[in-house]
Amino acid sequence: MIGRCATAGTPVGRVRGGRRGDRLLYLARHGEQDRPAGTPPGVDPPETGLSARSRLQASLLGERLRGVPVDAVHHGPLRRAAETAELVAASLPGIPVYAAEEVGDHLPHDTDPAGLPPAYARLLAEFSPAERADGPRLTAAAVRRFATAPVDGDRRDLVVTHTFLIAWSPPARQGRLSRWP
């Protein structure tokens, strides 16, 4: 959820590019989706949109980013990510919003479950072989697109994405995520 995630609206690092431009990347987790009455626990209805609380949080994040130089807002393909991005961008006039498959909800890294704690092994078992193969490919594409020095000058991008991708972002893996107070 925006506001509860340790990385909501967080500038996660600057990629220095020498003669290339610098990239400042902000990551925000999409808001929680609305859960219609009667939805069984553990079932995520994919097309329900954001909860009222998450719509408010996304709007507040947009207000907080107003005046912060942002070149573009990118979001994963799920409806809750798109809605979060649109609500944030409503406070950022003239800033384009783009859907980006590579920042969608996917398994960022596949690993052998044999050495994992049982809870993690069960989580990994929930992914199909296709998802376990495709996720790392999408993650590599996200790193190429958002965690490298841009060739066209300095960039400041907001990426509205999912918990897995934030946790596996290069700054998170290097212990360099910072947090706004």
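What follows is calculated from the coordinates using simple rules that are stated; it is not laboratory data. All of these numbers come straight from a predicted model, not from anything done at the bench. Glycine gets a Cβ as well: all are built from the backbone with ideal geometry, and neighbour counts include every protein chain shown.
Compute the distance in nm between two label points, each set 7 Å from the Cα along the Cα-to-Cβ direction, one at A133 and one at R64. In this crude label model, A133 to R64 measures out at 4.0 nm. With a simple spin-label model that places each label point 7 Å from the Cα along the Cα-to-Cβ direction, the separation between A140 and A121 comes to 2.8 nm.
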